[in-house]
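These notes are about the structure you will find just below.
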Amino acid sequence: MTIKIVPVAETDAALVDAAVALGDRYTKTLGLLTPPAYRKHASDGGLLVAVEQGEVIGYALFGLPKRRPHVRLAHLCVAGEHRGKGVARLLVEEIRRRHRDRLGIRAKCRRDYGISEMWTSLGFVPRGEVPGRGRDGEILDGWWLDHGHLDLFAGMESEALLVVAVDHGVFADLRGRAPRGGAAESQALEAGWLTDLLEVAVTPQLLYEIRDIADAAERRHQRAASQGVRQLTPDAVAVGVRRRELLQAAGSAAAADGLPSEPELLRGAQYVAETSCAGLQVLATRDPALLELADPAWKVAGVKIVTPSVVTLHVDELRQAQMYRPADLMGTEFRAGELPAGSEAELVAFFDQSGEDDGSGFAQRLRSLAGDAAVCHRELLRDGEGRPVALYAWATDGRTLTVPVLRTAAHPLEETLARQMLFALKRLGRDCGAQVVSITDPFPSPAAKAAAGDDGFFSHDGGLAALLVDVCGTAHEVVTVAGQAVRELGRDEAATLSAGMPAETAGVVERAWWPAKVMDSLMPSFLVPIEPRWSAELFNVPATLLPRPDELGISREHVYYRSSGRRGESVPARLLWYVSKGSSREAGQMVIGCSRLDEVLIDTPDALHSKFEHLGVYGREQVRAVARAGTSGHAMALRFSDTEIFPRPVPLPRLNSLAGSLGLQFSLMSLSKISNKLFQAVYEEGHRRT
C-alpha cells in the first residue's frame, strides 16, 4: 500500500495524538517528550507523519531554529512492525524538500544504540560527539545531512548553552533513586536532542535541601549525583540583598522583621536570588508555591520561574535571551580604555588561565604585547565598580586584524560582553580595511569561544578566524572577495554562491561574512520610517546630550515596536532606517543606516514586552501606546541586529533621486518593501567617500 507523508498542524489532534502514542512506545531510545512539545513542534511546522491505510506508522519531529541555519531533528520514529519499508527515508526526504533553504539537518543519537548504519544509509555523516547529560552520561554521536549550499559554513555552530537552575524537586526527578509522580516532565530536560542546547545547574539552596534528606541512602545518592552537575556559586552578600528585595516585592511580613515566618516563601526567594546573582535567567520547578513567585521574580530579579515543559518548548528563545542582554548594560557604567603599562599582574586574578598561560606567564605575555603600542593595542573593560571584566589585544597588518588575547572574566553579563566584543572586533577590522579577523589567543575565554560560531568564526591554525567581506553586490562579487580573504588565511576552500539563493542561506552568508550583502539573493529589503525620538534612543541619531559608547551600546541586537498591520514582512531580511521629519531642533528626513531583520512577532503589548524586555529601551507603557495607536489591540515587534550607521546619511532628496534613476517608487508612510536594487544604491551612497 502507498505510504503518505503528511504535515501535521497543531489543530490535527488525532494525528498529534497518534504521534505521541507512537513515541511513547519508544521512550527508551527516543527520550521523554511531553505531548505539549509535539503540539508546539506541529504549530511551528515541525511534525510530519507517515500514514499507511489510515494508520500512523512513523513520524519526524524537528525544529527550525530562528538563529540557526539548519534543521534540528529531534525524533525520527518508525513503528517496529513497519520497519524495512523505507519510511524513515521518506520522512527525511520530505524534510529536505520542504526546507531546502536550510544548510542541512542535524541529529544526535546515542552511540550504544548501534544504529549508525541507519543514519549512514539515509545520507548522514558523523560530525563530532558529546557526552549525554543523563544518568549514565553515554556518548551521543552528531549526524549531519548536508543540503549542498556552502561547505565553508557547514560546521559553523555556537557552543553556547542555555543554563537552567533547578529546584530540589526537579533535581530529584532527574537524579533521585525513586522519582515522584510526573517526573517525566523534568526528565525531558535530558532528552538527547537538547544535549548541545541546555545544561542543568544547581544552587547552594538545593545542596542544603539534599543535606536535610532524612533517608541516609537517598541523601548520599543525591549528594554524589550533584557532583556531576554544574554548581553555581553566587556572592552570598548579593544574594542576601536580592532576597530581601524579592520578599518586599512579594509583600511578605518576613521582609519587615527578618523572621522566617513563611518557610515556603523564604525558600523560593532564596532559589530566585541565587539564580539571579549567578547571572542566570531561568529557574525550573514543578512546585506550585515557587511558581507563585513568578511575577516578583521577573520584575525584581529578571528570573523566569517556569515548569520544565516550558523550558523544552521554548529552549531556543530562552537560550537567545540568556546569551545576549544589552538592556542590562545600560546604566552600568562600564568603561573601556588602553591597558596601562605595569598593570598586567593585576589581571591574573580576574581572567582564567591554564597550562603554560597561567599566573606570571599570562602577565608576561601581556607585557610582551606592550612593546610597541603603535602596533599592538591592549584594551581593558571595567565594570562600574572598577573590576576588569573583558580584555583583548589587537594589531593589524592591513589585511588581517590579529587578536592575540581575548578574555572575559566571570560576570553575570559575560556572554553579552563576549558577543559585543566579537562584533566590535569585526567593525574594527572593517574600519582598518582588513579582510580577516584572526583570534590567535591559545586560551580564549569559553564564553567568547562559545559565541564565536554565531558570528561565522571557524577553527584555523589552533585559533579562530572570520572573514570580512566588505561588498554589497552580486553573489559572484561577494564570493570573489571572500575567496581573496580565504587565500589570505592560506586555505583553498572554494565556496560557491549563486544568484537567487534562498533568503535563509543569504542570511547565513551576511551574518558570517559581515558586512557582506548578497543583493541578487531572495532575501528581501524593507524601508522603515522611524521618529527621531526613537532613532535617538535606538541609534543615538539624532545625537543626544549623553551619547552612549558604541562598544557598549545597543547596536548589536534590539527590537522596534510598530503597529500590527502587516506589510509583507518576512525573515531574514534587510532594513533601511529612515528618520522621519523632526522638530526644529532635530535632524530628520534621511536614511541613517541598516540592520538585519531576525524576527517578526505580533502579539499583545504585555506579551511582547515580556519576551523582549532584555533588549532594553522600551518600557511596557511605551509598547502599550504603540498597540493603542492601532485597532487590533496588538503590536508588532521587529527584532533586528548588527546595525550599521552610515558614515554619510542619505537625505530625502537624494533618496528620491536614487529611486527615480532606477524607475522605482517607495512609501514613507509605513514600513514598506523595496527592491534590492534600491537598497544597494542607498547603501553604497551611505558609504560613499567622495
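Please work out which one of (1) among the hydrophobic types (A, V, I, L, M, F, W, C); (2) buried (at least 19 other Cβ atoms within 10 Å of the Cβ); (3) part of a helix (DSSP H, G or I) is the condition VAL200 fails and give its number.
Every listed condition holds for VAL200 apart from (3).
Please specify each residue of region 260-284 satisfying the condition of being surrounded by fewer than 24 Cβ atoms within 10 Å (Cβ to Cβ) and either closer than 12 Å to LEU206 by Cα or free of Cβ contacts under 8 Å to residues at least 60 places away in the same chain (or both).
Correct list: PRO260, SER261, GLU262, PRO263, GLU264, LEU265, LEU266, ARG267, GLN270.
Residues are listed down the side, and each one gets a yes or a no for (1) in a helix (DSSP H, G or I); (2) at pLDDT 75 or above:
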{"position": "ASP295", "(1), (2)": "yes, yes"}
{"position": "TRP298", "(1), (2)": "yes, yes"}
{"position": "ASP328", "(1), (2)": "yes, no"}
{"position": "GLY331", "(1), (2)": "no, no"}
{"position": "PRO340", "(1), (2)": "no, yes"}
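Please name all residue pairs, on different chains or six or more residues apart, with Cβ atoms under 7 Å, provided the first residue is in region 30-43 and is in contact (Cβ under 8 Å) with a residue 40 or more places away in the chain and the second residue is assigned to a loop (DSSP other than H, G, I, E, B) and aliphatic (A, V, I, L, M).
Within 7 Å, the pairs are GLY31/ALA191; LEU32/ALA191; LEU33/ALA191.
Quick check, is ARG407 closer than 17 Å to ASP383 by Cα, modelled with pLDDT of 85 or more and within 14 Å of the chain's Cα centre (by Cα)? I'd like the intermediate steps shown before the answer.
On the way: closer than 17 Å to ASP383 by Cα: yes; modelled with pLDDT of 85 or more: yes; within 14 Å of the chain's Cα centre (by Cα): no.
Answer is no for this residue.
Can you tell me which residues in region 407-438 are closer than 24 Å to ASP470 by Cα, of a type in the set (A, V, I, L, M) and touching a strand residue (DSSP E or B) at 6+ places or on another chain (Cβ under 7 Å)? Break it down stepwise before answering.
Just the residues of region 407-438 that are closer than 24 Å to ASP470 by Cα, to begin with: 418-438.
Filter once more, so that each one left must be of a type in the set (A, V, I, L, M): 418, 421-422, 424-425, 428, 434, 436-437.
Result: ALA418, MET421, LEU425, LEU428, ALA434, VAL436, VAL437.
Could you tell me whether region 250-272 includes any residue that is at pLDDT 90 or above, farther than 26 Å from GLY182 by Cβ and either in a helix (DSSP H, G or I) or out of contact with any helix residue (DSSP H, G or I) (no Cβ under 8 Å at 6 or more places or on another chain) (or both)?
Within region 250-272, the first condition is being at pLDDT 90 or above, and the residues that meet it are 267-272.
When the remaining residues are screened for being farther than 26 Å from GLY182 by Cβ, the result is none.
No, region 250-272 contains no residue that is at pLDDT 90 or above, farther than 26 Å from GLY182 by Cβ and either in a helix (DSSP H, G or I) or out of contact with any helix residue (DSSP H, G or I) (no Cβ under 8 Å at 6 or more places or on another chain) (or both).
For (1) part of a helix (DSSP H, G or I); (2) touching a Pro at 6+ places or on another chain (Cβ under 7 Å); (3) more than 24 Å from PHE423 (Cα to Cα); (4) in contact (Cβ under 8 Å) with a residue 12 or more places away in the chain, each residue gets a yes or a no:
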position: GLN622; (1), (2), (3), (4): yes, no, yes, yes
position: THR631; (1), (2), (3), (4): no, no, yes, no
position: THR643; (1), (2), (3), (4): no, no, no, yes
position: ARG648; (1), (2), (3), (4): no, no, no, yes
position: LEU655; (1), (2), (3), (4): yes, no, yes, yes
position: ALA659; (1), (2), (3), (4): yes, no, yes, yes
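Only one of (1) at pLDDT below 80; (2) closer than 23 Å to HIS41 by Cβ; (3) under 20 Å from the mean Cα position of the chain (by Cα) is not met by ARG133, so which one is it?
Going through (1) at pLDDT below 80; (2) closer than 23 Å to HIS41 by Cβ; (3) under 20 Å from the mean Cα position of the chain (by Cα) one by one, ARG133 breaks only (3).
Please indicate, with yes or no, whether at least one residue in region 312-319 is at pLDDT below 80, surrounded by fewer than 19 Cβ atoms within 10 Å (Cβ to Cβ) and not in a helix (DSSP H, G or I).
Looking for residues that are at pLDDT below 80, surrounded by fewer than 19 Cβ atoms within 10 Å (Cβ to Cβ) and not in a helix (DSSP H, G or I), one finds none in region 312-319, hence no.
If we scan region 87-94, do we find a residue that is assigned to a helix (DSSP H, G or I), more than 28 Å from GLU138 (Cα to Cα) and either in contact with a Leu (Cβ under 8 Å, 6 or more places away or on another chain) or outside the structural domain of GLY58 (by TED's automatic domain parsing) (or both)?
Let us first name the residues in region 87-94 that are assigned to a helix (DSSP H, G or I), namely 87-94.
With more than 28 Å from GLU138 (Cα to Cα) added as a condition, the list becomes 90, 93-94.
Next cut, either in contact with a Leu (Cβ under 8 Å, 6 or more places away or on another chain) or outside the structural domain of GLY58 (by TED's automatic domain parsing) (or both) only: 94.
Within region 87-94, one or more residues are assigned to a helix (DSSP H, G or I), more than 28 Å from GLU138 (Cα to Cα) and either in contact with a Leu (Cβ under 8 Å, 6 or more places away or on another chain) or outside the structural domain of GLY58 (by TED's automatic domain parsing) (or both).
Could you tell me whether any residue of region 164-179 is in contact with a Leu (Cβ under 9 Å, 6 or more places away or on another chain), at pLDDT below 90 and closer than 23 Å to ARG319 by Cβ?
No.
Restricting attention to region 446-469, which residues are surrounded by fewer than 24 Cβ atoms within 10 Å (Cβ to Cβ) and either under 21 Å from LEU162 (Cβ atoms) or at pLDDT 95 or above (or both)?
Scanning region 446-469 gives PRO446, LYS449, ALA450, GLY453, ASP454, ASP455.
For region 423-436, which positions are among the aliphatic types (A, V, I, L, M) and over 9 Å from ARG399 (Cα atoms)?
So the first thing to find is which residues in region 423-436 are among the aliphatic types (A, V, I, L, M), and the list is 424-425, 428, 434, 436.
Listed by number, the residues that qualify are ALA424, LEU425, LEU428.
Residues ALA516, ALA503, ALA543: which one is modelled with pLDDT under 85 and farther than 20 Å from VAL403 by Cβ?
Numbers: ALA516 fails: modelled with pLDDT under 85; ALA503 fails: modelled with pLDDT under 85.
When all the criteria are applied, what remains is ALA543.
Listed here are the residues, each with its yes/no results for (1) β-branched (Val, Ile, Thr); (2) within 30 Å of ILE305 (Cα to Cα); (3) modelled with pLDDT under 80.
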residue	(1), (2), (3)
ALA573	no, no, no
SER584	no, no, yes
THR604	yes, yes, no
VAL617	yes, yes, yes
ALA625	no, yes, no
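Could you identify the single residue in VAL509, VAL471 that is at negative phi and touching a helix residue (DSSP H, G or I) at 6+ places or on another chain (Cβ under 6 Å)? Lay out the reasoning, then the answer.
On the way: VAL509 fails: touching a helix residue (DSSP H, G or I) at 6+ places or on another chain (Cβ under 6 Å).
Within the list VAL509, VAL471, the selection yields VAL471.
For region 203-242, how many residues meet the condition of being part of a loop (DSSP other than H, G, I, E, B) and free of Cβ contacts under 8 Å to residues at least 12 places away in the same chain? I'd like the intermediate steps shown before the answer.
In the first step, residues of region 203-242 are kept if they are part of a loop (DSSP other than H, G, I, E, B); the result is 203, 212-215, 227-229, 232-235.
In the following step, the residues that additionally are free of Cβ contacts under 8 Å to residues at least 12 places away in the same chain were identified as 212-215, 227.
The total comes to 5.
Restricting attention to region 44-66, which residues are surrounded by fewer than 17 Cβ atoms within 10 Å (Cβ to Cβ) and not in a strand (DSSP E or B)? Full working, then the answer.
If we filter region 44-66 for residues that are surrounded by fewer than 17 Cβ atoms within 10 Å (Cβ to Cβ), which is where we start, we get 44-45, 52-55, 66.
ASP44, GLY45, GLN53, GLY54, LYS66 - these are the residues of region 44-66 that are surrounded by fewer than 17 Cβ atoms within 10 Å (Cβ to Cβ) and not in a strand (DSSP E or B).
Take the residues in region 31-59 that are of a type in the set (A, V, I, L, M) and closer than 19 Å to ASP316 by Cα; name whichever of them is modelled with the highest pLDDT. It would help to see each step written out before you state the result.
The first filter runs over region 31-59 and keeps only residues of a type in the set (A, V, I, L, M), leaving 32-33, 37, 42, 47-51, 56-57.
Pick out the ones that are also closer than 19 Å to ASP316 by Cα and you get 32-33, 37, 42, 47.
On the way: LEU32: 76, LEU33: 80, ALA37: 87, ALA42: 93, LEU47: 96.
If we take residues in region 31-59 being of a type in the set (A, V, I, L, M) and closer than 19 Å to ASP316 by Cα, then LEU47 is modelled with the highest pLDDT.
Would you pick out the residues in region 663-681 that are under 17 Å from CYS472 (Cα atoms) and either assigned to a loop (DSSP other than H, G, I, E, B) or among the small types (Gly, Ala, Ser) (or both)?
First pass over region 663-681, keeping only residues under 17 Å from CYS472 (Cα atoms): 674-681.
SER675, ALA681 - these are the residues of region 663-681 that are under 17 Å from CYS472 (Cα atoms) and either assigned to a loop (DSSP other than H, G, I, E, B) or among the small types (Gly, Ala, Ser) (or both).
The values are calculated or read from the model by the stated rules, or taken from the named source; none is laboratory data. Nothing here was measured: the structure is a model prediction, and the numbers come from that model. Cβ atoms come from the backbone with ideal geometry, glycine included; neighbour counts cover every protein chain shown.
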